[in-house]
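Encoded as structure tokens, the structure appears first; notes follow it.
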Amino acid sequence: MLGKDPDVTGATGHTADGFASLLDSKVDGIRVDTSGTLPPVITDRASSSLPSFQPVAVSDVRRIIMSSPMKSSYLDPWPTFLLRECVGLAPYVTERERESERERERERERTLFAKQTCQKGNRPSTLAPV
């Protein structure tokens, strides 16, 4: 029904190499079809920024999860019922998100430093050829 094979235990004959070949042929076809066209002109880009974050307590994360309605959509990365069942992991999830944000901030600082240094005509040793 709906094109689904009820026997999921048998071999399908599909391989990783076959899938890669299929994708390669599709990309090649698109490149051939669009080879004579000009690139699109993009005049307006959406911008957003989050200039600062405030720390969130684990108890706040737990409260938000537990007060969320018990409904989900396919856009949700985790269904609400699953989040509620795993609410005990909130301290770990919270700390992981904090560490991810700290790493993103360090990366932004490194990128800014590299851009500023390169604009001055100096090449930092971390970017110098080996």
Original post:
Would you list 111, 37 from fewest to most Cβ contacts within 10 Å?
Top reply: 37, 111
Subject >> Taking 49, 59 and counting other C-beta atoms within 10 Å, the order from fewest to most >> reply: 49, 59
Original post:
Just in region 42-92: which chymotrypsin sites (Phe, Trp or Tyr not before Pro) are loop by DSSP and have at most 12 other Cβ atoms within 10 Å?
Top reply: 53, 74
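Let's see if you can work this out: charge +1 on each Lys and Arg Cβ, -1 on each Asp and Glu Cβ, no other charges. What is the dipole magnitude of region 16-130 about its Cα centre, in debye to the nearest 20?
The dipole of region 16-130 has a size of about 460 debye.
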**OP:** Output ³J(HN,Hα) for region 21-31: one whole-Hz value per residue in order, computed from phi by the Karplus curve 6.51 cos²θ - 1.76 cosθ + 1.60 with θ = phi - 60°, and x for Gly and Pro.
**Re:** 5, 4, 5, 4, 5, 5, 5, 4, x, 5, 5
Subject >> Selected from 64, 91, 112, residue furthest toward positive end of dipole (region 57-123; charges at beta carbon) >> reply: 112
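Here, each number is a calculation from the coordinates, and none is a lab measurement. Nothing here was measured: the structure is a model prediction, and the numbers come from that model. Don't worry about glycine lacking a Cβ; one is built from the backbone with ideal geometry, like all the others, and counts go over all protein chains shown.
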